[in-house]
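The values are calculated or read from the model by the stated rules, or taken from the named source; none is laboratory data. Just so it is clear, the structure is predicted and the values come from calculations on it, not from any experiment. Neighbour counts run over all protein chains shown; Cβ positions are idealised from the backbone, glycine included.
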Amino acid sequence: MLEDVRARCRRSRSDANPRFGYTGLVSAIRSDEVSAELLIDLINTYYLGDESDLLADAAATQWVRDHTGHKGRDLSAAALAPLRQLREGLRQAALGNNGGRPEPGAIREAEAVLRGVPVTVSLSGGIRGVAVGSSARDGGVDNILATVARAYLANQLSGMWPRIKVCAQPSCRWAFLDLSRNGSRRWCDMSECGNRAKNRAWRGRQSHRTA
């Protein structure tokens, strides 16, 4: 399965554009690459490096439309507050996937959001999986949250979730999909964050030797 995912991820982003939306079919057999990409892209709407937040500026509604199929009215930053809370909970959970210690407060806030998401389960999935939908009205924030919740469930059931990680660099925390064979990747980019961490560790060892 992982080889298939690697091959699909080598394609350009236009070949797996998340704007086509997640179908809602949660499969225990294979991973839906679009659902994994949705979670990663959501986490990356906030960048710790410059504290830019796509979900708190004028581009927020367009991002939601492109990634979740939202067809409703423009959404204010205040209306998207639950989505930002869910995003930060996912970031912390993905940090746990990379050996980090998740922040309990962010996890609790995200779980509080999820408890209010109107997700429905159907028996019509058949052998392909479990059909998971939402009873939320179209065009509302609850429907967006349900789309993210379904994507998370899909990746948990497929076994892909542990490979969704955030960078081990504390000042970065950029999300990525770990496609290494043994799932050992730690940095979003070894040439930048990885090398910085290695250089800090080396300087720390040198200071101990000269002390």
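Being small (G, A, S) and modelled with pLDDT of 90 or more is a property that does not hold for G24.
Just one of the listed residues (L157, L145) is modelled with pLDDT of 55 or more, farther than 27 Å from G49 by Cβ and of a type in the set (A, V, I, L, M, F, W, C), and it is L157. Entry remark, segment 142-181: residues being part of a helix (DSSP H, G or I), hydrophobic (A, V, I, L, M, F, W, C), under 17 Å from A93 (Cβ atoms) and in contact with a helix residue (DSSP H, G or I) (Cβ under 8 Å, 6 or more places away or on another chain) number 6 in total.
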